[in-house]
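J.: One structure is given below, represented as structure tokens, and several questions about it will come after.
Nothing in this text is a laboratory measurement; each read-out follows from the coordinates by a stated rule. Please read these numbers as outputs of a predicted model, since none were measured by experiment. Heads up, the Cβs are rebuilt from the backbone with ideal geometry, glycines too, and the neighbour counts pull from every protein chain shown.
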There are 2 protein chains.
Amino acid sequence: MPAGFRLVCSGCGRTHAPDTLAWRCECGSPLDVEKPLPAEPRFEGRGVWRYRPLLPLLDDRSVVTLGEGSTPTVERDLYGVEALLKLEYLNPTGSFKDRGATVMVSNLKAAGAREIAIDSSGNAGCAVAAYASAAGIRCRVYVPAGAPRAKKMQIALYGAELVEVPGPRSEVGRKLLAELKPGVAYASHMWNPYFIEGLKTIAYEVAERFGAPDAAVLPVGSGGLLLGVHRGFAEAARLGFAERVPRIVAVQAAGYTPVYDALYGPYGAEPPAEPLADGIAIPNPPRLKQVVEAVRESGGGAVVVEDREIAEALKLLARAGLLVEPTSAAAVAGLRKAVEQGLVERGERVLVPLTGSGLKALDKIAGAIGEAPRHLEGGANAAEVGAEAG
Amino acid sequence: MPAGFRLVCSGCGRTHAPDTLAWRCECGSPLDVEKPLPAEPRFEGRGVWRYRPLLPLLDDRSVVTLGEGSTPTVERDLYGVEALLKLEYLNPTGSFKDRGATVMVSNLKAAGAREIAIDSSGNAGCAVAAYASAAGIRCRVYVPAGAPRAKKMQIALYGAELVEVPGPRSEVGRKLLAELKPGVAYASHMWNPYFIEGLKTIAYEVAERFGAPDAAVLPVGSGGLLLGVHRGFAEAARLGFAERVPRIVAVQAAGYTPVYDALYGPYGAEPPAEPLADGIAIPNPPRLKQVVEAVRESGGGAVVVEDREIAEALKLLARAGLLVEPTSAAAVAGLRKAVEQGLVERGERVLVPLTGSGLKALDKIAGAIGEAPRHLEGGANAAEVGAEAG
């Protein structure tokens, strides 16, 4: 292991060179990083790379950083619980995906990638576009044609090529792979093992500042956030800077409930045509098995939230000065449900990351919480706006 | 001084009670905080309130925080200069104004304000709306009717009353004052002395982490940023955690050049109908005299940038993964000009805060840097978008 770590297939156990541009094992399963924990790691500086000794990196000269990590945490009493709201939407491109992108793109750069492609419903595309741009790597981002307009614009403004794909979400990845040219790396936030490694740092930061919470309530789409946070707390516990691994509660949106279904049987809702929490509207995440195992191992569970509940949480947060996208509000709606269903107890301390910025979804938020953005177009009558917004 | 500080008129020197809701002295001049520096202040925690011993606060129980401050700094070589780009746009509402809002709103809360009003071209309105909402204070925000749509939506989503005022910027403040009811505090980011005090923390953070830079290049609209940064470095120097006060270079946009004019004589450009850097399109800042004095005292100067130069800097930043609003890019365009004009020397270390988020100005940015956002509306042809954006 000259790099100090290796890649291991989560399905068949085969090992792979750490500088591979392959995005999965020949057997079809996702790869994982296997890196021995240092005895007494020394953390220095701020942000994701503060935890350099716990992160896989092919070459120290290849780090691509935009100031990700070290996000603020605000403490609020919510539903009788001491919630640690970690403001992941204050990362450089407006979501927690930046933590994954910095580790993935730094390694792709070290491995010599000159062009990459990614499929994303939005935030991961924004993050990878920005880091690729900063690294001087050409980047093509495949998005569903119905992805939020602000996210599509953001991707294009970073200089990435934007490819809009009509049809269902699954078609986006299919088209990417069909068009993938030799030498272009598939830099998938769902498959790439380095991406998840970057997400571990959320847990490290919480553990260093607050110790281990009793539980973590996490929105689950691809499951990368959940796997990263779980792995991060597990490592922090083994190294002694977290007392335990918190119970992990997965939050899914009605219509997209593979984790819930695997744990408790089919939830049974139809996928809505326009899901409010578009960031977690993912029916078949490739790492589903790992996600379900992590939830079980932690002694946690899963809850499903409806659009009405997400909208309520969205308004609660905005009126408290926290403007997040609907997917983030799903976590807060999930916290409420987790308390109601006994997965989280009153008085417990619970990590709830707020994952994505509301600035990318203003119209959607206004629609969901019953504001009237039409008053803001052109010749608005000020008094009327005041009356409606007050 | 039971509060440990007092308010002093910058014009006539008269003192005022620190819990006043008056927004200026009877003589018409702005007020300043006068607070003796502690001998050996102890800084604890993160963010703006890490510097509690150096900030005026009427009541420790009234702090309203949303996780502001402790923003990342990325170091880049720009125009031969070692630039410290401080990512102020990663503050909670997307701009540096949050640092001022947390100190101002905390004191308004302590002083018993139940309703406040502010006039703003956008970012200050967003910040004050969010903190007021978090504090449970009713808030009315007067904006120019032509203010960016995203900022108006953001203000309304926090739950503030939005009042759109047609006509020139000066009309916005006039209408607010004409409609101001007894008992409602005018919480102006331009006039309020607590607001500027919060902005000092930018300098403290830079001084603590990097020491004093050789110069600071700052966009100037109301001048609050410049006054706060100048005061912050001056205090850090007196306390010994900065070696010196850096030379301050004020950056203004053609058409809005009161600082430049006062230093060197009239620049002479007409105000454009739609200024690209809308955040600094302020013709008559109330603290102009103080701003000019601070620049002179620091041994700095002023530069004026044109829209074409701002657009160039905007694209340079976006392609490096830093998506900021045009007003922030004006600072980088100003850095280039400051180097050309000898106000900053090659090899020097220079603080350049990137003040506001590009996510609030996507269409404006796309228009300025020559992207084609029309491709992103509805039935875009993906290949075409790729070709144009690549």
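J.: Using the Cα centre as the reference, give the magnitude of the dipole from point charges on the C-beta atoms of the protein assembly as shown (Lys, Arg: +1; Asp, Glu: -1; all else neutral), rounded to the nearest 20 debye.
T.: It comes to approximately 700 debye.
J.: So the label point sits 7 Å from Cα along the Cα-to-Cβ vector; using that for residue B:21, what distances do you get to the other copies, in nanometres, sorted shortest first?
T.: 6.6
J.: Name the residue, out of B:216, B:156, B:302, whose mean-square fluctuation peaks in a Gaussian network model built on chain B with Cα pairs under 10 Å.
T.: B:156
J.: Where a ≥ b ≥ c are the square roots of the eigenvalues of the C-alpha gyration tensor, would you call region B:212-355 rounded, which needs a/c under 1.5, or, failing that, prolate if a/b is larger than b/c, or oblate?
T.: Since a/c reaches 1.5 but b/c is at least a/b, the shape of region B:212-355 is classed as oblate.
J.: Using the Cβ atoms and a cut-off under 13 Å, what net charge is assigned to the surroundings of residue B:308, where Lys and Arg are +1 and Asp and Glu are -1?
T.: Around residue B:308, the charge tally is -1.
J.: Another question, if that's okay. Considering chain A as a Gaussian network with a 10 Å cut-off on Cα pairs, which listed residue, A:71, A:20, A:355, attains the greatest mean-square fluctuation?
T.: Of the options given, A:20 has the highest mean-square fluctuation.
J.: Report, in deg cm²/dmol and to the nearest 500, the calculated mean residue ellipticity at 222 nm for chain A, where each DSSP H run with n ≥ 4 adds -39500 (n - 2.57) and the sum is divided by the residue count.
T.: -11500 deg cm²/dmol
J.: On to the next question. When a/c is below 1.5 the answer is rounded, else prolate if a/b is larger than b/c, else oblate, so apply that to the protein assembly as shown with a ≥ b ≥ c taken from the square roots of the Cα gyration tensor eigenvalues.
T.: Judged from the Cα gyration tensor, the protein assembly as shown comes out prolate (a/c at least 1.5, a/b above b/c).
J.: Find every distance from the label point of residue A:182 to the corresponding label point in the other copies (7 Å from Cα along Cα→Cβ) and write them in nm, one decimal, shortest first.
T.: 8.5
J.: Additional query: Which ³J(HN,Hα) values, rounded to whole Hz and listed in residue order, are derived for region A:252-267 from phi using the Karplus coefficients 6.51, -1.76 and 1.60 in 6.51 cos²θ - 1.76 cosθ + 1.60 with θ = phi - 60°, glycine and proline given as x?
T.: Per-residue couplings from phi come out as 10, 9, 3, x, 9, 10, x, 5, 4, 4, 5, 7, 10, x, x, 6 Hz.
J.: Add +1 for every Lys or Arg and -1 for every Asp or Glu among the other residues with Cβ under 14 Å from the Cβ of residue A:37, and state the total.
T.: +2
J.: Sticking with this structure for a sec: Spelling out what I want: for every residue of region B:360-367, take phi, set θ = phi - 60°, compute 6.51 cos²θ - 1.76 cosθ + 1.60 (Karplus), and round to whole Hz; glycine and proline get x.
T.: With the stated coefficients, region B:360-367 comes to 8, 9, 4, 5, 4, 5, 4, x Hz.
J.: Using a 4.7 Å Cβ cut-off, which Cys residues in chain B lack a partner cysteine?
T.: Cysteines of chain B left without a disulfide-compatible partner: B:126, B:139.
J.: I want to verify a result. In a Gaussian network model of chain A, Cα cutoff 10 Å, which of these has the top mean-square fluctuation: A:249, A:33, A:184?
T.: Highest fluctuation among the options: A:184.
J.: Between the DSSP loop rule and a limit of at most 10 other Cβ atoms within 10 Å, which trypsin sites (Lys or Arg not before Pro) in region A:286-375 are left?
T.: Counting only loop positions with at most 10 other Cβ atoms within 10 Å, the trypsin sites (Lys or Arg not before Pro) in region A:286-375 are A:346.
J.: How big is the gap, in Å, between the Cα center of region A:282-298 and the Cα center of region B:191-213?
T.: Using only Cα atoms, the two centres lie 45 Å from each other.
J.: In nm, what does the list of distances from residue A:145 to its counterparts in the other copies look like, shortest first, when each label sits 7 Å along Cα to Cβ?
T.: Once sorted, the set of distances for residue A:145 reads 3.7 nm.
J.: Can you work out which chain A residue has the shortest Cβ-to-axis distance for the rotation that carries A onto B, and give it in Å?
T.: A:359, 2
J.: What is the sum of charges, Lys and Arg at +1 and Asp and Glu at -1, for the other residues whose Cβ falls under 14 Å from the Cβ of residue B:234?
T.: Computed value for this residue: 0.
J.: Mind listing which GluC sites (Glu not before Pro) in region B:1-50 are in a DSSP loop and have 15 or fewer other Cβ atoms within 10 Å?
T.: B:26, B:44
J.: Provide the per-residue ³J(HN,Hα) series for region B:203-213, in order, calculated from phi with Karplus coefficients 6.51, -1.76, 1.60 and θ = phi - 60°, each as a whole number of Hz, with x at glycine and proline positions.
T.: Couplings: 5, 4, 4, 5, 4, 5, 8, 10, x, 6, x Hz.
J.: Of all beta bridges DSSP finds with both residues in the protein assembly as shown, what is the antiparallel percent, to the nearest 5?
T.: 35
J.: Follow-up question, since we're still on this one. To the nearest 20 debye, what is the magnitude of the charge dipole of chain A about its Cα centre, counting +1 on the Cβ of each Lys and Arg and -1 on the Cβ of each Asp and Glu?
T.: The calculated dipole for chain A is roughly 880 debye.
J.: How about region A:69-137: which trypsin sites (Lys or Arg not before Pro) there are in a DSSP loop, with at most 15 other Cβ atoms within 10 Å of their Cβ?
T.: A:114
J.: Please say if region A:149-207 is rounded, prolate or oblate, where rounded means a/c under 1.5 for a ≥ b ≥ c the square roots of the C-alpha gyration tensor eigenvalues, and otherwise the choice is prolate for a/b larger than b/c and oblate otherwise?
T.: It comes out prolate by the Cα gyration axes.
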